[in-house]
Amino acid sequence: MRSSLLRSASQHLRRRGYASAAGGQPERKVAILGAAGGIGQPLALLMKLNPLVSSLSLYDIAATPGVAADVSHINSPALVKGFVGDDQLGEALEGADLVIIPAGVPRKPGMTRDDLFKINAGIVKGLCTAISKYCPNALVNMISNPVNSTVPIAAEVFKKAGTYDEKKLFGVTTLDVVRAKTFYAGKANVPVTGVNVPVVGGHAGITILPLFSQATPSSNALSHEDLKALTKRTQDGGTEVVEAKAGKGSATLSMAYAGAVFGDACLKGLNGVPDIIECSFVQSTVTDLPFFASKVRLGKNGVEEVIGLGELSAFEKEGLESLKGELMSSIEKGIKFAQEN
């Protein structure tokens, strides 16, 4: 039963775009910071299944040795090591090609992503300080919320350390894309595996702007009201899960999947696979905001190209203007925290 589950999971990941192992591929070390948490554990499992990962480094402030022992028993190639506590953080990071950060506290009912700021901002600052010291050339995938603020915090930390490379810092907004694809496919009655929907802006509430006018396959079956409802549901997807779990968790499993999808895209880009395009919250000139989520072409140096928005519907243009103030406020809040602490 377990072997068939492993095969099924691996087959699904390959269909989703995960590369198959190939002779002579580069060895890649992936470090997950916050690996014992609700997102970190399933993310560790999914990255262990990824044939592009040769070394998987799992770090947290507690419980990581058990998670590492558990994941290490899976019969896939990646070698797994667990690290716990501040004194082992450097070893966990040393030599990493990709660092994925789901560390922090989850949302609880009634809590917005902004409520998480005070706690998670300090965690992110400490981890990024260590990254700048032990693996300054790694790609960094930020999952810790609020992403609209934690990515600017990371950028400021790296600037202070003299290691900032705008091409190597990503806010993971893939869950917004995953949700938009799922919700669109259900409403348009099309197979979800063939759907693509760009999602731009940020990663909280109204800053999340799915571009359903650019969805493929296109559908004439959806009314303006349908598109408004799909947009609202995509924006409120996190709250939907928090409320459904009734105070006992947030979107951990779907976020882990989304994190694994984006992590895989980064690895394929590093390995020179052409035309790897995903949406991500990065330093950008697409709008007048310093950071913005849009389609990004990934390559050997991280960001190869930040892709423009394309043609927007009137509804999407309105949404774009509406999100700018809130997103800029979150960005400035992150920058201010990093500069004052």
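Observations
- Within region 108-189, helices (runs of 4 or more DSSP H) holding 3 or more residues that are of a type in the set (Gly, Ala, Ser) and assigned by the TED database to the domain that holds Gln235: 174-188
- Candidates Gln25, Gln41, filtered to the one that is at pLDDT 95 or above and open to solvent by 30 Å² or more (accessible area, probe 1.4 Å): Gln41
One line per residue, one yes/no per condition, for (1) open to solvent by 10 Å² or more (accessible area, probe 1.4 Å); (2) over 16 Å from the mean Cα position of the chain (by Cα); (3) touching a residue at least 24 places away in the same chain (Cβ under 8 Å):
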residue: Pro152; (1), (2), (3): no, no, yes
residue: Asp165; (1), (2), (3): yes, yes, yes
residue: Lys187; (1), (2), (3): yes, yes, yes
residue: Asn196; (1), (2), (3): yes, yes, no
residue: Gln214; (1), (2), (3): yes, yes, yes
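- Residue within region 162-177 that is in contact with a helix residue (DSSP H, G or I) (Cβ under 8 Å, 6 or more places away or on another chain), of a type in the set (D, E, K, R) and farther than 18 Å from Ser280 by Cα present: no
- Condition check for Glu340: surrounded by fewer than 21 Cβ atoms within 10 Å (Cβ to Cβ), farther than 17 Å from Pro146 by Cβ and not assigned by the TED database to the domain that holds Thr207: yes
- Lone qualifier among Ala246, Ala221, Ala251 - being open to solvent by 50 Å² or more (accessible area, probe 1.4 Å), in contact with a helix residue (DSSP H, G or I) (Cβ under 7 Å, 6 or more places away or on another chain), touching a residue at least 12 places away in the same chain (Cβ under 8 Å) and more than 21 Å from Ser294 (Cβ to Cβ): Ala221
- Of Thr287, Thr252, all but one fail to be farther than 16 Å from Ile208 by Cα and of a type in the set (Ser, Thr, Tyr); the exception is Thr252.
- Take the conditions (1) in contact with a strand residue (DSSP E or B) (Cβ under 9 Å, 6 or more places away or on another chain); (2) among the charged types (D, E, K, R); (3) in contact (Cβ under 8 Å) with a residue 12 or more places away in the chain; Asp288 misses just one of them, which is (1).
- Matching strands (runs of 3 or more DSSP E) fully within region 242-327 where at least 1 residues are in contact with a Phe, Trp or Tyr (Cβ under 6 Å, 6 or more places away or on another chain): 276-283, 291-299
- When Gly82, Gly66, Gly90 are screened for being over 26 Å from Thr173 (Cα atoms), surrounded by fewer than 22 Cβ atoms within 10 Å (Cβ to Cβ), touching a helix residue (DSSP H, G or I) at 6+ places or on another chain (Cβ under 8 Å) and in the same structural domain as Asp165 (by the TED database), only Gly90 passes.
- Count - residues of region 255-285 that are polar (S, T, N, Q), farther than 13 Å from Asn50 by Cβ and more than 11 Å from the chain's Cα centre (by Cα): 3
The values are calculated or read from the model by the stated rules, or taken from the named source; none is laboratory data. Worth saying up front: this structure is predicted, and the values here are computed from it rather than measured. All Cβ positions, glycine included, derive from the backbone under ideal geometry; neighbour counts span all protein chains shown. For the accessible areas, the whole protein counts, side chains as well, though only heavy atoms, and no ligand, DNA or RNA atoms are used. Shrake-Rupley method; radii C 1.70, N 1.55, O 1.52, S 1.80 Å.
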